[in-house]
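Heads up: the structure comes next, in structure tokens.
The values are calculated or read from the model by the stated rules, or taken from the named source; none is laboratory data. Computed from a prediction, not measured in an experiment: that's the story for all the values here. When we count neighbours, we look across all protein chains shown, and the Cβ atoms used for this are built from the backbone with ideal geometry, even at glycine. Areas reflect the complete protein model, heavy atoms only, side chains present, ligands, DNA and RNA absent. Shrake-Rupley method; radii C 1.70, N 1.55, O 1.52, S 1.80 Å.
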Amino acid sequence: MRALLITPTYFPVLTGNAVTVERIAKGLREGGALCRILEVQRDHGGGIPEEISAFGPRVIHNFHAFKSGPLGLAIKKRLFPVPMITTLTGTDLNLDIDDPKKRDSIREVLAHSEAITVFNKPARDILQAFGIPSDKVRVIHQSVSLPPQQFIDYRSLLKIPPDAMVFLLIGAIRGVKAFGVAVEVLKEVKAGRSNLHLLIAGPVVEQEEFAGIKRLIEGSRWISYLGEVPRENIESLFLAAEVVVNTSLSESEPNSILEALNFGKIVIARDIPGNSSLIKTGETGFAFQNSAKLKDLIVHVLDNYGKLGQMKGKAKKLAAVYSYEREKAAYLELYRGLSASCPGK
């Protein structure tokens, strides 16, 4: 079985799509598949790379209906009748599907997809409202799979005081992630407390957004921007923090939150559909609707952190349910079923 996975971005840039694609490709390879990964952002000369035709995929898998889907559809038409899967990964489902300039393109991609996958039931409901038949859509939750880890003591490296409560913002720096909201709220809280430190980690995807973040954190020695942290140091990064904050305006089922839960971290996340499948307030974390509520929750966690052990335990149990083996088995089943219908597999 030969599979082509198409993604908006890929390693070494550590976006959510890149992490998801790498993990799914790993599972497919473990199941005996040959995988090629095609990054949309790279220059393909305006056409389809010849090596893709030579590779002869028997399944095409788009990650992000709007950013990857049109290229996947063009390849599908050239290599007809190769079946196609489309996974909606976040902004395509929550923003692009309602954009008049993008909606028709998404609808065409989904119409020509033999299977569509999403990460949770609310996402499936959105597609049903969009007119996609429910029997075409599969819910396959994300999971956590990390490469062998190399330990770095970030707290010592950054000279963070032992009694400091460390908050973490992790993800690609772009407008939709709204990191500035967390920075501004934490600065308000910090004004009345000394034992608070913020780590920001992630690649710069939008330079203008990064410039705004730099202006916000300028002169704040209690805020550390780490840039893009390699995947082999992710465990060390999470272990350096007590609380992970997610302020994103659009998520499907974020890798960062799953990883935070996996390490038993307290999560404070914006109350949006992609986060709500993971974060149940008072059980696996806390959800906020606005900046005032975010501030209240940060203060609550600071004042009550020692009483949140049960929440951290529930978080780890939930992450264990969303296992890598379960995710791998689901994609292998889907791929094998589709590739069986493709001539010359």
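The number of residues in the range 190-208 that are open to solvent by 20 Å² or more (accessible area, probe 1.4 Å) and closer than 24 Å to L297 by Cβ comes to 6. Apart from one condition, K159 fits all of (1) more than 27 Å from the chain's Cα centre (by Cα); (2) more than 28 Å from A211 (Cβ to Cβ); (3) assigned to a loop (DSSP other than H, G, I, E, B); the exception is (2). Show the residue pairs meeting these rules: Cβ distance below 8 Å; 6+ apart or different chains; first residue within the range 146-162 and farther than 21 Å from A18 by Cβ; second residue open to solvent by 100 Å² or more (accessible area, probe 1.4 Å). Correct list of pairs: R155/P162. Looking only at residues of the range 132-146 that are open to solvent by 60 Å² or more (accessible area, probe 1.4 Å) and not acidic (D, E), we find that the one that is farthest from E325 (Cα to Cα) is P133.
Summed over the range 104-122, residues that are of a type in the set (S, T, N, Q) and open to solvent by 10 Å² or more (accessible area, probe 1.4 Å) total 1.
Considering the range 109-145, and only residues there that are aliphatic (A, V, I, L, M) and without any contact (Cβ under 8 Å) to a residue 24 or more places away in the chain, the residue that is nearest to G16 (Cα to Cα) turns out to be V139. Of the residues making up the range 271-290, one or more are in contact with a strand residue (DSSP E or B) (Cβ under 6 Å, 6 or more places away or on another chain), of a type in the set (S, T, N, Q), at negative phi and modelled with pLDDT under 95.
Hey, could you check the range 327-342 for residues that are touching a residue at least 40 places away in the same chain (Cβ under 8 Å) and outside any helix (DSSP H, G or I) and say which is most open to solvent (accessible area, probe 1.4 Å)? The extreme case among them is S341. Report whether or not E228 is touching a strand residue (DSSP E or B) at 6+ places or on another chain (Cβ under 8 Å) and at pLDDT below 95. Spelling it out, E228 is indeed touching a strand residue (DSSP E or B) at 6+ places or on another chain (Cβ under 8 Å) and at pLDDT below 95. Among residues of the range 20-35 being without any contact (Cβ under 8 Å) to a residue 60 or more places away in the chain and closer than 23 Å to G90 by Cβ, the one that is nearest to the chain's Cα centre (by Cα) is V21.
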